[in-house]
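Asker: The structure follows.
The values are calculated or read from the model by the stated rules, or taken from the named source; none is laboratory data. Remember, predicted model here, so these are calculated numbers, not experimental data. Cβ coordinates were reconstructed from backbone atoms using ideal geometry, including for glycine residues, and neighbour counts include every protein chain displayed. Heavy atoms of the whole protein, side chains included, go into the accessibility calculation; ligands, DNA and RNA do not. Shrake-Rupley method; radii C 1.70, N 1.55, O 1.52, S 1.80 Å.
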Amino acid sequence: MAAPILLFDGVCTLCDGAVQFVMRHDAAERFQFASLQSDAARPFLERAGLGSDYLASLVLVDEHGAIHTGSDAALGVGRRLDAPWRQLATAARIVPRPLREGVYRLIARSRYRVFGKKDECRLPTPAERERFLEYG
């Protein structure tokens with residue numbers, strides 16, 4: 001696999017903000033993206049045994065094809081971004097996984113209520129389309 005892929009909840013306002021953040025801080029444009037609701041995400045979800053209706057967290061498919069969810073996915077994304085995000089994500093790994101996963105799950109469970117939910121997935125701009133698997 002040549003590029004990491006970030007799978008995200010396409011109707012979640014927080015998740016869309018995370019994708020925008022990654023695009024701004026990924027100067028080398030390494031990441032590709034797909035919404036969890038898309039046909040492009042389905043093979044990755046099935047391979048990970050997550051089911052085609054999985055929306056519980058971000059999913060990172062790394063350069064080697066390994067699949068990460070939850071706080072591991074978030075930190076994996078951060079470690080692939082430009083400085084200072086790379087260093088912050090690396091340092092955050094010292095937080096015990098059960099603690100960071102608990103915080104991640106708390107945010108994930110309340111994301112629609114706190115940040116909102118859209119009626120449909122946002123369409124990427126023409127300049128962004130080549131980075132989205134469902135449009136590439």
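Asker: Between residue 30 and residue 93, what is the spin-label point distance in nm, taking each point 7 Å from the Cα along the Cα→C-beta axis?
Answerer: Simple spin-label model gives 1.2 nm for this pair.
Asker: Next question. Compute the label zone of residue 48 within region 14-34: residues whose backbone N is under 18 Å from the point 7 Å along Cα-to-Cβ.
Answerer: Residues passing the 18 Å test: 14-20, 22-23, 31-34.
Asker: If a/c stays under 1.5 just call it rounded; otherwise compare a/b with b/c (prolate if a/b is bigger, oblate if not). Do that for region 19-62, with a ≥ b ≥ c from the square roots of the Cα gyration tensor eigenvalues. Display every interim value, and only then the final one.
Answerer: Details: a/c = 2.53, a/b = 2.18, b/c = 1.16.
Judged from the Cα gyration tensor, region 19-62 comes out prolate (a/c at least 1.5, a/b above b/c).
Asker: How high is the FRET efficiency between residue 112 and residue 66 when r is their beta carbon distance and R₀ equals 30 Å, given to the nearest 0.05?
Answerer: Details: r = 28 Å, r/R0 = 0.95.
Efficiency for this residue pair is about 0.60.
Asker: While we're on this one: What nm distance separates the two modelled labels at residue 127 and residue 103, each placed 7 Å from Cα along Cα→Cβ?
Answerer: Going by the 7 Å Cα→Cβ label model, 3.3 nm.
Asker: Can you give me the solvent accessible area of residue 67 with a 1.4 Å probe, rounded to the nearest 10 Å²?
Answerer: The value for residue 67 is about 50 Å².
Asker: For residue 132, enumerate residues with amide H under 5 Å from its amide H, sequence gap 5+ or separate chain, H modeled in the peptide plane.
Answerer: Under 5 Å from the amide H of residue 132 lie the amide H atoms of 33, each far enough along the sequence or on another chain.
Asker: Same structure again: Using the charge dipole of the chain (Lys, Arg: +1 at Cβ; Asp, Glu: -1 at Cβ; taken about the Cα centre), state which of 110, 78, 135 has its Cα farthest towards the positive end.
Answerer: Value: 110.
Asker: What is the dipole size for the chain, taken about its Cα centre, with +1 at each Lys and Arg Cβ and -1 at each Asp and Glu Cβ, in debye to the nearest 20?
Answerer: That gives a dipole near 560 debye.
Asker: Sticking with this structure for a sec: Evaluate the Debye formula for the chain with equal point scatterers sitting on the alpha carbons, no solvent, and hand back log10 of I(q)/I(0) at q = 0.16 Å⁻¹, in q order, two decimals.
Answerer: Log10 I(q)/I(0), no solvent term: -0.81.
Asker: I would also like to ask the following. Which value, in Å², gives the accessible area per residue of the chain when a 1.4 Å probe is used on the protein heavy atoms?
Answerer: 55
Asker: Taking θ as phi - 60°, what are the ³J(HN,Hα) couplings along region 83-93 by the Karplus curve (6.51, -1.76, 1.60), each to the nearest whole Hz, with x for Gly and Pro?
Answerer: Whole-Hz 3J(HN,Hα) from phi for region 83-93: 5, x, 4, 4, 5, 5, 5, 5, 5, 5, 5.
Asker: Rounded to the nearest 500 deg cm²/dmol, what is the calculated helix-only ellipticity per residue at 222 nm for the chain, with -39500 (n - 2.57) per DSSP H run of length n ≥ 4?
Answerer: Values: 5 runs with 55 residues, N = 136.
After summing the helix terms and dividing by residue count, I get -12000 deg cm²/dmol.
Asker: Take the solvent-accessible surface of the protein heavy atoms, probe 1.4 Å, and return the percent of it on the chain that carbon and sulfur atoms account for. List each step's numbers first, then the result.
Answerer: Details: 4350 of 7420 Å².
That share works out to 59 percent.
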